[in-house]
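Q: Below is a structure I'd like to ask you about.
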Amino acid sequence: MEKPRKKARQSRSQMTVNSILTATKMLLTEKGLGKITTNKIVEKAGVSIGSLYQYFPNKNAILSVVVEKIFKSDVDEVVAKLDEIGPDSHSLQEAISEILELIFGSYVQKPKLNKEIILSTMTLKSIAFTLKHDGIVKKHLLEFLNKYHDQIRENVDLERFIFTFHYAIKGLKFGITYNDKTSYADGIASDLTTMIYSFLKKG
């Protein structure tokens, strides 16, 4: 994965970098990955090409930062919800439902950007940071499920279940995006809640 040349340390430099990153994210939605160029980025950001190359060696280095920031933002939102919910405020079924509604609800709000992010991830060969964020989500999922241990049947292999759950969700999001089925999102969240709760619950 391409990396920036150097970090912006002064406030003015940080503003320049933020302008470049914001412009690139906007162009991903407006134009798509294949039509982004460094010239279009600087035009959108209102900075000089020299300023861009001071911080980034090429377009892919900018895209790598943008994509990782989006991944991190999405992961932080899910992790915050997993940490917030517990048996004092939600039953197991309610908790599963709220988490899935968050995952699919926020995802379908930006279908064009999601499609470009998936394409960018494959193009940039950014498996390292996607795996890093996958690991964070799976860790917090395990902590979340452990809060409900007295409501979950004893013979569930939680680590295997979390692996299956996490990558099934990623596959469904991919399918929703590339088949233009955002209208399915609410129904999928509801169906998954029923299936997952039925699988995990005692009795």
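Derivation of every value follows stated rules applied to the coordinates shown; laboratory data play no part. Since we're looking at a predicted model, the values are computed, not measured. Cβ atoms come from the backbone with ideal geometry, glycine included; neighbour counts cover every protein chain shown.
Q: Nearest 10 degrees is fine. How inclined is helix 127-146 to the longest principal axis of the chain, computing both from alpha carbons?
A: Tilt of helix 127-146: around 30 degrees.
Q: Amide H neighbours of PHE56 under 5 Å, counting only residues 5+ apart in sequence or on other chains, H built in-plane at 1.01 Å?
A: Hits under the 5 Å cutoff: ARG5.
Q: Another question, if that's okay. Tabulate in residue order the Karplus-calculated ³J(HN,Hα) for the range 162-168, using 6.51 cos²θ - 1.76 cosθ + 1.60 with θ = phi - 60°, rounded to whole Hz; enter x for Gly and Pro.
A: 5, 4, 4, 4, 4, 7, 5
Q: Right, here's the next one. With an 8 Å Cα cut-off and a minimum separation of 6 or more residues, compute the relative contact order for the chain in percent.
A: It comes to 25 percent, rounded to a whole number.
Q: With the dipole of the chain worked out from charges on the C-beta (+1 for Lys and Arg, -1 for Asp and Glu) around the Cα centre, which of ALA45, THR182, LEU27 lies farthest toward the positive end?
A: Final value for the positive-end residue is ALA45.
Q: About the Cα centre of the range 63-200, what is the dipole size in debye to 20, counting +1 per Lys and Arg Cβ and -1 per Asp and Glu Cβ, all else neutral?
A: My answer is approximately 720 debye.
Q: Right, here's the next one. What size of dipole, in debye to the nearest 20, comes out for the range 1-120 about its Cα centre when the only charges are +1 on Lys and Arg C-beta atoms and -1 on Asp and Glu C-beta atoms?
A: 1200
Q: Can you compute 3J(HN,Hα) from phi for each residue in the range 183-189, using the Karplus curve 6.51 cos²θ - 1.76 cosθ + 1.60 with θ = phi - 60°, rounded to whole Hz and x for Gly and Pro?
A: For the range 183-189, the Karplus-derived couplings read 5, 7, 4, 4, x, 5, 4 Hz, x marking Gly and Pro.
Q: Right, next: Pairs of alpha-carbon atoms within less than 8 angstrom and 6+ residues apart define the contacts here; what relative contact order does the range 5-66 have, in percent? Intermediate values should be presented prior to the final figure.
A: Values: 52 pairs, mean separation 27.6, N = 62.
Value for the range 5-66: 44 percent.
Q: Right, here's the next one. Take the Cα radius of gyration of the range 63-200 and divide it by 2.2 N^0.38 Å, with N its residue count; two decimals is plenty.
A: Here the Cα radius of gyration is 1.06 times the empirical estimate.
Q: Still on this model: Using only Cα atoms, find the angle between the long axis of helix 11-30 and the longest principal axis of the chain, and express it within 0 to 90 degrees, rounded to the nearest 10.
A: The helix 11-30 is inclined about 70 degrees to the chain.
Q: Full extension from ALA80 to GLN14: what is 0.36 nm times the residue separation minus their Cα-Cα distance, to one decimal in nm?
A: That works out to 21.1 nm of additional length.
Q: Using the 10 angstrom Cβ neighbour count as an exposure proxy, how do ASP186, ASP150, ASP74 rank, fewest first?
A: ASP150, ASP186, ASP74
Q: Hey, if you put +1 on the Cβ of every Lys and Arg and -1 on every Asp and Glu Cβ in the chain, which of PHE161, ALA128, SER64 ends up farthest toward the positive end of that dipole?
A: About the Cα centre, the residue reaching furthest to the positive side is SER64.
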